[in-house]
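Laboratory data are not the source of any read-out in this text; all were calculated from the coordinates shown. Model, not experiment: these values are computed from the prediction. As a convention, Cβ positions derive from the backbone with ideal geometry for all residues, glycine included, and neighbour counts pool all protein chains shown.
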C-alpha cells in the first residue's frame, strides 16, 4: 500500500528532546523516536502478514475450484489426483527402505472375556520403537479375520477407554485390532508428563523433524504402515478386509494420509479431515462450493499443516478423495451440514466416476464443539454415537457383526515395555534419533571447504535456495521519505520501502552530518524486534560506526518491529499459525524476510550516498535468555522465554545471496542449525525453524567465501534459549592455505567492540 494515502509525508528537520546540541551521538540514538509510521499506519501494517496469507489462501482455493470444475470423467480425476498424491508423498520426508522382516517383541498377553490382548514392541525404523496392543479373539477363527488399525487422537495414548472398547468389541466379533502409541505418546513419551503434554509435545517434535527435512506426519504415517505389516505377518488375516480408523482429533489426519499412500487398507475412516472441521459454523452457506476454504490454514497442531499442500495442490479433500474406489466412511465428531458440504458433493461425484457409490458412507455426531454430553457428542477418540454408523457400514461391506463391549483395563496391565526389553534394545530419546538421521544423510563440512570460494558460494546458494523458497526481489522497492532529523552531529533519514504485494518496510538511515555526497559504507542491522531494539540496546556501537565514517541502516522487515503481529510468538499464537500457513503455501517466512533484506540492499545500492562495495550485515537477537539452570516447564505452561535467532541467521544467509557483502556479525543465534536437535525441548519461534536447514551446509561455511576475519558470531544461544554451551563466540577465520575454519575467541564484554569490529571489516 502507498503510505502517502495515510497522510502527508513528513519532512522534518528537528532536534531530539529540544537539546540536540548537548547530546552525544549515542544519546541521540538512545532517545530517538524510532517510529517511521503513524499509529494508524502501524495498526494497519501490523496485520500485513495476516492479510497476505488470507489472500494467498483465497488464491489457492480459487485455483482448486477451477481445477475441480474442469474434471468431467474418471480419466480426468485420475490424471488430476495422481501427481498430487505423489507430491504429498515427497513432502513427508524420506522414507527408509521397507524392512523385509519386521521383528516384533511379544512381552505379555492379557486374557479377557472372549478376547485376548498381546502387548507388542516393534521397530518401525532404525532406533524407533513402537508400543502397541493387539486385540484378538480368545480362540482361533474358522475363517480369516478382518483386521483394524486404529490411530488414536492427540488427546490420549493407546490405553484410553474408547480405544479399549473398540479393540475388545471387534476382537469379540472375530477381528484383529492393533492400537499403537503414536510418536511421543504413552509408552513412547519423551518428555515430562503433565496435563495434555503429549499433545503439546507434537509441536516440538514436529519442529525438530522439520529441521532435518522430515515431518511429524511422515513419521506417524510410517509407523502406522509398519503396524499394518505387524498385523499382516499373521496368516490368519483377510487382506480384503483391512480397516484403518483415525480418531476424532489428530488421528484422522494421519489416517487419511496413510489411506492415500497405502492401498493395502481396503476401508478408511478418517475423522475431522477433508472437509468441515469441528470449529466450522453451521449451517454452511448455500454457495459453499464457491466460498469454502478447501486449503485450510495453519495452527500449532502440526499434523494438520501439510507442508507444500497449498503450493502443490494435495489439499485435504484431494487426499480423502484419493481413497476411492476403496471404501470410505467420511466422519465428523459433531454436527454436520450434509446438504451443503461441498467436499461431500465432490466425494459423491468421485465415487460415481469410479462406479462405486456403494463404497461411500458417513458417520456424524451432534451438537457443537463447545458443548458436552448429552447436548454434544464430545469424545476422546471414537465414541459410541459415531460407532453406530461405522458398525452398520462394516456389517454391510465385510459382514462384521459387532456388539458393544467394555471392560476397561489399567495402563499398567496394557504396558508393553519391560525392564529386560529396555535393557536389550536401549531405546534413545527422539532428538538423538533425529540427530543420527541427519548426520547419516549430510555432507561433511570439510568437503565443502575444499571448494574455491566462488564455487563454495554457488554450492551454498544451491543448498539453501530450495529451502528458503523465492528469495530474489520481484521489483525495485519504492522509497517514500518520511522525515529527516538533525541532532548531535547526526543526520537521520526516515523512509519506508514498498516491496511486492504492498508490504511496507519502515527504516532508518543514519550518517554523520556534513558528509555531503560522499559514498559511505553501510551496516544493515536486522532483528525480530526491529530498529527500536538496535537503538535502545546498541546505541554506543552504532555511534562508534558513525564516528568512523560508516552509515547505519535499520529496517523493519515484514512482520518485525513496527509491522510485527500483535500478541505473542509462542505455540498457540497467530504468529505460529501464519508461519505454518506459509509452509503450506511453499514460502517460509524466513525466505520472505531474506527477500526483504535483499530489497533493502538493492535500494542502498541505488543511492548516490552509499558505497555499494562496502556493505555489512548485522543480525541480532535482543530476546532475554533463560537462566543457565533453567528447568523446562510443562509445555504450554510456565514462563519459558523464546529465543529469536532468525536475525543472525538472515545476516549469514544474506552474505550467501549478496556477493558484495563484506562482513557479517551474527548475534544471539544458534551456533549451528543442528543445535535444534540438542534437547528434548525447544524454545524457538516457529518461523525461525526452516524445513531441512539442519541437513544443509552449515551457514558458518560462509566464512570461507568472505575476506579473512569477516564473519563474527556473538552471544550464541541454545535451542532452549539458554547461553550456548560451550559458548561458540568469536571471529571465524578461514585459513586459505589449509582450507580450515577456526574461531578466534573474544573477551567476555564483546558487545563493546561490535562497532569497531564492523568498521574495521568494512574499511580494511
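Each residue in 295, 191 was given a count of other beta-carbon atoms within 10 angstrom of its own, and listing them fewest first yields 191, 295.
Taking packing as the residue-averaged number of other Cβ atoms within 10 angstrom, the listed peptides 34-46, 687-699, 280-292, 244-256 run from highest to lowest as 244-256, 687-699, 34-46, 280-292.
For the range 443-563, the relative contact order works out to 20 percent when only alpha carbon pairs closer than 8 Å and six or more residues apart are counted.
Looking at the chain alone, DSSP beta bridges between its own residues are antiparallel in about 55 percent of cases.
Give the percent of DSSP beta bridges with both residues in the range 104-438 that are antiparallel, rounded to the nearest 5.
Percentage antiparallel, nearest 5: 50.
If you rank 611, 629, 229 by fewest surrounding Cβ atoms within 10 Å, what's the result? Show your work: numbers first, answer last.
Numbers: 611 19, 629 6, 229 16.
The most exposed by this proxy come first: 629, 229, 611.
Take the Cα of residue 756, go 7 Å toward its beta carbon, and the backbone nitrogen atoms of the range 528-551 under 18 Å from that spot belong to 538-550. Once the Cβ-Cβ distance of residue 82 and residue 22 is raised to the sixth power relative to R0 = 60 Å, the FRET efficiency obtained is 0.25. Mean residue ellipticity at 222 nm, helices only, the chain: -10000 deg cm²/dmol; runs of at least 4 DSSP H residues each add -39,500 (n - 2.57), and the sum is divided by the number of residues. Expressed as an acute angle from 0 to 90° and rounded to the nearest 10, what is the orientation of the C-alpha long axis of helix 589-605 relative to the principal long axis of the chain? Tilt relative to the chain: about 20 degrees. Placing a label point 7 Å from the Cα of residue 613 along the Cα-to-Cβ direction, the residues of the range 653-673 with a backbone N closer than 14 Å are 660-662. Fully extending the segment from residue 388 to residue 537 would add 47.3 nm, taking 0.36 nm per residue of separation and subtracting the current Cα-Cα distance. What angle do you read, to the nearest 10 degrees and between 0 and 90, between the alpha-carbon axis of helix 646-657 and the longest principal axis of the chain? In the chain, helix 646-657 runs at an angle near 80 degrees to the longest axis.
Take the Cα of residue 94, step 7 Å toward its Cβ, do the same at residue 139, and the gap between the two points is 5.3 nm. The simple spin-label model puts a point 7 Å past each Cα toward its Cβ; for residue 101 and residue 455 those points are separated by 4.6 nm. Once C-alpha pairs closer than 8 Å and six or more residues apart are averaged by separation and normalised to the residue number of the chain, the relative contact order reads 15 percent.
For the range 12-141, what's the relative contact order in percent, using C-alpha pairs closer than 8 Å and at least 6 residues apart?
Relative contact order of the range 12-141: 11 percent.
Taking the centroid of alpha carbons for each part, the range 647-676 and the range 16-92 are 23 Å apart. As a proxy for reagent exposure, ranking 271, 734 by other Cβ atoms within 10 Å from fewest up yields 734, 271. On the basis of the beta-carbon distance and an R0 of 56 Å, residue 432 and residue 38 show a calculated FRET efficiency of 0.65.
Mind giving me the FRET efficiency for residue 630 and residue 439? R0 is 25 Å, r the Cβ-Cβ distance, nearest 0.05 is fine. Plugging the Cβ-Cβ distance into 1/(1 + (r/R0)^6) gives 0.40. Annotation for the range 507-555 versus the range 315-347: alpha-carbon center distance of 56 Å.
Shape class of the range 104-438 from the Cα gyration tensor (axes a ≥ b ≥ c, square roots of the eigenvalues): oblate, since a/c reaches 1.5 or more and a/b does not exceed b/c.
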